[in-house]
Amino acid sequence: MDRISQLPDFIVHHILSFLKTPKDLVRMSVLSKTWLHLTASFPILDFSISDFSSGESFFSYVEYTTSRFCHQNLPAHSLRLIKFLRDPADLDIVDRCLERVFRNGVKELVIYLHNYSDYSEPPSDSEESASDYEESPSATAMPRYRLPNTLLSVSVLTSLTIFGCDLPSSFMLDALKFKSLTRLKLENIHIDDEVITYLATSCPLLQVFEIRSCPGFKRFCVHGHQSLQEVDISFDAPVERIDIEAPNLYELSVADEGETGQPQMNLALCEKLTSVSCEGCPLPNDFLSNFPFVENLVLFTGYNGNNLKLSSNSLRTLVLNSDFDLEEIELSTPSLGLFIYSYNEHYSGLGISHLPHLELCMRCYLDDSIDSLWFQKLRLFLDKENGFKALNLYICTDQKLTVLEKLKAVELPPYELEHIELHFEHEESSGHATFVDAVLCCFCPRSLTLRSSFPLTTFEEQSPLVKFTYEKLLEQEFQGQTSIQIVSPYSTKAQKQFKGLMSLPRSLPRQEKAISFIKEEE
């Protein structure tokens, strides 16, 4: 028996939402008249060129589906339209389909319309292959698609994402009825300062406002907005000022993708603004004065000849992706509990989902740019900052450190830490031992854990790396009053040792291997 079709329509529509391609939906529609009706009234309209063999079949399906759905006289839950436009005739088809849907209403709208006349070859994010790209005379003179004016009257709209289109011709003339809009993303759309102000004042419930690579605006000014919570601005042309007064704003991201210079910022009245991310902008020494309540800071910035100086009493987490050397970083952050440092931005998120959370910890991602003397710089940095109790090194290289003799010749006692984590990203080799040796030349931990996600790694008590680490730790306790216990980091004994210092993630990767060394006084 066909029991699914006996369910209420909204439950069947939820089941249909798990289908992956339009072909699956078409197959369901031919089962019976009941299923034909159910698929016709399916309120999730998802059209992506990647699901079709040609532009002709794509537009045929779009016209057929939108016409059939709108005949039901129902509002759509969502409409997603992704296509590269080749021919002026494409614009007419898109216009007809959007007009149909807008008349009945739609809650979530995503429109990505790339114009082939903007490219000499398929862009990197194209969903069409290079073989599909053929520059034609019509494509070279093709105008950008302008959204219809009926969009401005879709009062049920809650989420709007637009890429590569022009705003409706009556945008600044007709009343904007986006009274339910909570999320807005504009990308590759020409806007000016007045458009930003008009959108903010016309969308009282707006919570997330994102602008990416939109030429034309010089200032982002929003004042007195009570609902705004997240703002994300990326630009490749100069922006003069970012001025926001929003009492509930808690997250800000600013990306200077064109390295045009740091805009002036005024957000001092945003008392809930605790998370800030800045990319590409040269930072003045008083940078954090713009964010007196910041707790989480992410910086993607390059060395500009001056030391990086950060001062904040509220900052708790700092992520720095930069070529600043450790000796060029000066922190005055008494509340800092986690400092993540990396030369390469691609490493900064590596392994975070399953790494243990260490209190008062510095986490570093090490690649081929690291040599043995870098560890001495790290030791001096920690000595200067004098607040970290744990060190987490994520080793993203299989190189073997050399010149350890120079490191051992430095007459500085090892810096004492409560705990060190060494996570090896590559297959076990003799190079791993050189990292352990360099670390223990500079640091004296109460406990140490070796971790690896590499499938063939074996951390057994008799393995060469484990024996080497054990002997090096034992050498640090030259008076012989301390023994070294080798245990699983997830054992009761280890958890007792790490209490107050480490909290483990809820789920651990299946292939992760780990072993801990704990010093105990005899």
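Computed values, structure above
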read-out: Nearest-10 value in Å² for the accessible area of Asp367, using the 1.4 Å probe; value: 20 Å²
read-out: Net charge of Cβ neighbours under 9 Å - reference Phe235; Lys, Arg +1; Asp, Glu -1; value: -2
read-out: Calculated from backbone phi, Karplus (6.51, -1.76, 1.60) coupling profile of the stretch 289-295 in Hz, x at Gly/Pro; value: 5, 6, 10, x, 10, 5, 10
read-out: Cut-off under 5 Å, modelled amide H: who pairs with Phe324 long-range; value: Tyr303
read-out: Cut-off under 5 Å, modelled amide H: who pairs with Glu421 long-range; value: Leu391, Asn392, Leu393, Thr449
read-out: Within the stretch 169-274: Cβ-based charge dipole about Cα centre, in debye rounded to nearest 20 (Lys, Arg +1; Asp, Glu -1); value: 420 debye
read-out: Cα-derived Rg over Rh, computed across the stretch 157-253 with Rh taken as Kirkwood radius; value: 0.92
read-out: Karplus 3J(HN,Hα) series, Hz, for the stretch 76-91 with 6.51 cos²θ - 1.76 cosθ + 1.60 (x for Gly, Pro); value: 8, 6, 8, 9, 10, 10, 10, 7, 8, 8, 9, 10, x, 5, 4, 5
read-out: Area of His223 that stays accessible when all protein chains are in place (1.4 Å probe, Å², to 10); value: 110 Å²
read-out: Gln476 versus Arg68: modelled label distance in nm, points set 7 Å from Cα along the beta carbon direction; value: 6.8 nm
read-out: Under-5 Å amide H pairs with Ser253, H placed in peptide plane, nonlocal only; value: Val231, Asp232, Ile233, Ser277
read-out: Accessible area of Leu269 in the full protein assembly, 1.4 Å probe (Å², nearest 10); value: 120 Å²
read-out: Three-way shape call for the stretch 183-317 based on the alpha-carbon gyration tensor, with the a/c threshold at 1.5; value: oblate
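The values are calculated or read from the model by the stated rules, or taken from the named source; none is laboratory data. It should be emphasised that the depicted structure is a prediction, and the values quoted were computed from it without experimental measurement. Glycine also receives a Cβ, built like all others from the backbone with ideal geometry; neighbour counts cover every protein chain displayed. Please note that ligands, DNA and RNA were not included when accessible areas were found on the heavy atoms of the full protein model with its side chains. Shrake-Rupley method; radii C 1.70, N 1.55, O 1.52, S 1.80 Å.
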